[in-house]
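The values are calculated or read from the model by the stated rules, or taken from the named source; none is laboratory data. Bear in mind that the values here come from a model prediction, so they are computed numbers and not experimental data. A quick note on method: Cβ atoms are made from the backbone with ideal geometry, for glycine too, and the neighbour counts reach across all protein chains shown.
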Amino acid sequence: MGFVSELFAWWTGNTIGTRLYTWRKGERVGEDGLGNVYYRERGGRRRWVIYRSLAEPSQVPPEWHAWLHYTVDVPPTEESYTPRPWEQPHRPNLTGTYEAYRPPGSTLRPHPAKPPLDYEPWQPK
């Protein structure tokens with residue numbers, strides 16, 4: 001995003017006020033795999049994120065979400081964490097996109113098929 005779009009567009013989450021506050025009081029803590037940058041206030045307790053693209057909170061991975069919401073005090077960049085074998089990589093919320101989950105029988109499914117019945121319907125004799 002260019003400077004002009006940041007100056008006038010509040011939906012990106014990185015307005016001129018956010019940029020000035022970050023420059024004046026922010027201390028960079030780290031960056032996640034999606035390109036979001038995380039900050040904390042110098043000498044304070046405030047924490048925030050500057051998104052790489054549009055401000056979409058579902059793009060924050062679980063480990064950074066826990067740090068932003070004060071569930072943990074140590075940011076993920078300062079600890080050595082190895083994910084469990086059953087953990088899957090983080091995926092943002094896909095609602096409203098082509099990759100959204102559509103159950104069998106949904107009219108929005110590319111090839112709608114009749115879903116299998118869980119019961120046997122009664123037929124009069």
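Which one of these is surrounded by 11 or more Cβ atoms within 10 Å (Cβ to Cβ), of a type outside the set (A, V, I, L, M) and either touching a Pro at 6+ places or on another chain (Cβ under 6 Å) or not in a helix (DSSP H, G or I) (or both): 91, 40, 19?
40
Among the residues of segment 104-125, write down those that are surrounded by 10 or more Cβ atoms within 10 Å (Cβ to Cβ) and either at pLDDT 75 or above or within 29 Å of the chain's Cα centre (by Cα) (or both).
104, 105, 106, 109
Look at residue 102 and say whether it is within 30 Å of residue 41 (Cα to Cα) and without any contact (Cβ under 8 Å) to a residue 40 or more places away in the chain.
no
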